[in-house]
Amino acid sequence: MESSDYAELERLRSTLVSSRAATVAWRELLIESLGDRICGSGRGPTPEQIQTLASLEEAEQRALEHYLRFLASISLNADRPSC
């Protein structure tokens, strides 16, 4: 594997980790908001907040797919004999 492959793999991994962290943090906020609503001390998550979570989850899924696709491509290339 070339150094540029390592760099790209790390960039994709970092993007995935950041995306996952954003999704987890937003989900946590919505759970807290829902808990407040159940306890009668809040209004609960808005439709916009729920849509934001859905968008973050989609971005996380895309980041995972890009990471796995690149990982598979470099793995396949590693199995090929060099000329």
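Side notes on the structure shown:
- Residue match in the stretch 24-37 (condition: of a type in the set (S, T, N, Q), assigned to a helix (DSSP H, G or I), farther than 30 Å from Leu76 by Cβ and over 10 Å from the mean Cα position of the chain (by Cα)): yes
- Scanning the stretch 26-44 for residues that are within 30 Å of Arg13 (Cα to Cα) and either touching a Leu at 6+ places or on another chain (Cβ under 8 Å) or of a type in the set (Phe, Trp, Tyr) (or both) yields Trp26, Arg27, Leu30.
- Residues that are hydroxyl-bearing (Ser, Thr, Tyr), surrounded by fewer than 13 Cβ atoms within 10 Å (Cβ to Cβ) and modelled with pLDDT of 95 or more within the stretch 47-74 comprise just one, Ser55.
- Leu76, sole failed condition from (1) assigned to a helix (DSSP H, G or I); (2) under 22 Å from the mean Cα position of the chain (by Cα): (2)
- Residue list for the stretch 38-61, restricted to those being without any contact (Cβ under 8 Å) to a residue 24 or more places away in the chain and within 16 Å of the chain's Cα centre (by Cα): Gln51, Ala54, Ser55, Glu58, Gln61
- Single match in Ser14, Ser55, Ser19 (criterion: in contact with a helix residue (DSSP H, G or I) (Cβ under 7 Å, 6 or more places away or on another chain) and in a helix (DSSP H, G or I)): Ser19
The values are calculated or read from the model by the stated rules, or taken from the named source; none is laboratory data. None of these values were measured; they are calculated from a predicted model. Here Cβ is always computed from backbone atoms with ideal geometry, including for glycine, and neighbour counts include all displayed protein chains.
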